[in-house]
Amino acid sequence: MTFGLQDLAVPILGAPMAGGPSTPALAAAVSNAGGLGFVAAGYLSADAFAEIITAARALTTAAIGVNIFVPQPSAATPDALERYRDLLVPLAEHYGAEVAAAKPDDDGWQAKLDVVADLAPEVASFTFGCPAAEILGRLRDRGVLTAVTVTSLAEAGVAVAAGADALVVQGPEAGGHRGTFDPVASLGDDPLDALLAAITAAHDVPVIAAGGLAGAADVKRVLDSGAAAAQAGTAFLLADEAGTNGAHRAALTDEHFTETVVTRAFSGRYARGLANDFTRRYDDVAPLGYPEVNQMTGPLRRAAVAAGDPHGTNLWAGTSWRRTRGGSAADIVAALAGEVR
């Protein structure tokens with residue numbers, strides 16, 4: 001029997017957070033608490049992706065979800081990337097690191113699709129674009145519910161036409177990368193509530209609301225507005241089971257970090273995180289060039305994390321980050337679901 005969002009005991013999804021926070025332990029803990037936990041394929045090899053799915057499966061008998069980045073052509077020119085490389089060199093020298101070489105990379109797209117088809121997690125969500133209808137159909141035939149992250153009414157229409165089983169409606173309040181299909185498109189600023197209203201009015205598919213949801217009142221609001229479930233990411237960054245690095249954890253509770261910004265400086269794609277020295281120094285000069293910019297800055301960010309320096313790495317966080325609390329994932333799920341049980 002194919003899994004459906006209505007099968008969840010608690011309509012809470014733990015957002016996939018690539019790069020460390022989304023561990024198998026976190027995904028399993030969210031699912032064991034009655035919600036739906038996710039592991040993230042981003043930046044992993046296909047073999048490593050298969051391993052984390054298997055590890056999560058070993059920790060829960062409940063449903064789990066996976067997320068894959070949809071590859072898009074890079075928008076950066078070689079000259080723009082070289083200029084940015086030159087600007088990054090002094091920071092790299094400061095950390096004793098090197099600016100990495102940039103190269104085309106589809107993040108193991110086909111191999112990861114094969115992993116999902118083989119292991120058949122209950123849910124597969126996609127970010128940065130919409131897979132072709134035949135890809136969604138292949139996974140549906142394996143009993144996998146497919147969901148596409150959308151940031152506009154137009155993107156929702158594309159996903160529905162391709163046969164997506166559900167939509168993750170991501171508002172601009174969300175932390176981490178914006179799921180916008182076109183990497184160079186102007187970002188929409190319609191808040192989550194407005195997007196949710198427009199998309200639920202236009203399309204009769206289950207909708208998952210995401211962006212700035214940090215408490216039970218937030219969850220109740222989006223469910224009352226027609227969402228089938230609420231997806232939270234920042235709310236889980238301080239969870240005991242999360243793989244959030246120490247510099248990131250410390251910054252989330254540091255009063256010296258006072259705002260979030262949407263930046264392209266770390267990855268070459270727009271993403272929301274805490275403003276720090278890196279964003280202030282490089283955001284205005286960073287090109288829109290994913291995955292090359294992400295590759296170039298990777299060694300610098302890892303070196304900054306190793307040094308415990310939150311000003312040299314990305315600190316993804318949504319607009320409600322001030323309400324993020326530590327504790328077990330189960331307690332966080334319960335707090336988010338407090339008014340909807």
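The values are calculated or read from the model by the stated rules, or taken from the named source; none is laboratory data. Because the structure is a prediction, the values reported are computed rather than measured. Positions of Cβ are backbone-derived with ideal geometry, glycine not excepted, and every protein chain shown enters the neighbour counts. In case anyone asks, the SASA skips ligands and DNA or RNA and just uses the protein heavy atoms, side chains included. Shrake-Rupley method; radii C 1.70, N 1.55, O 1.52, S 1.80 Å.
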Accessible area per residue of the chain at 1.4 Å probe, in Å²?
39 Å²
Just to be sure I follow the definition: excluding the sites themselves, where is the longest run in the chain that has none of the GluC sites (Glu not before Pro) in a DSSP loop with at most 15 other Cβ atoms within 10 Å?
99-254
So if R0 is 41 Å, what FRET efficiency would residue 154 and residue 255 give, r being the distance between their Cβ atoms, rounded to the nearest 0.05?
0.55
How big is the C-alpha Rg of the chain next to the rule-of-thumb value 2.2 N^0.38 Å, as a ratio?
0.93
Amide H within-cut-off set for residue 3, under 5 Å, with H built and near neighbours excluded:
145
For segment 46-193, convex hull of alpha carbons as volume per residue, Å³:
162 Å³
Taking Cα pairs under 8 Å and at least six residues apart, what relative contact order does the chain come out at, in percent?
21 percent
Solvent-accessible area, 1.4 Å probe, carbon plus sulfur percent, for the chain
52 percent
Once you list every other residue whose beta carbon is under 9 Å from the beta carbon of residue 270, what net charge do they have if Lys and Arg are +1 and Asp and Glu are -1?
+4
Cα centroid distance between segment 254-332 and segment 138-170, in Å?
28 Å
Rounded to the nearest 10 Å², the accessible area of residue 36 at probe 1.4 Å:
0 Å²
Taking placed amide H atoms and a strict 5 Å upper bound, the residues 5 or more places from residue 260 or on another chain that come that close are 275
Can you give the helix-only mean residue ellipticity at 222 nm for the chain, where every DSSP H stretch with n ≥ 4 adds -39500 (n - 2.57) and the sum goes over all residues, rounded to the nearest 500 deg cm²/dmol?
-11000 deg cm²/dmol
Largest first, what is the accessible-area ranking of 103, 112 with a 1.4 Å probe?
103, 112
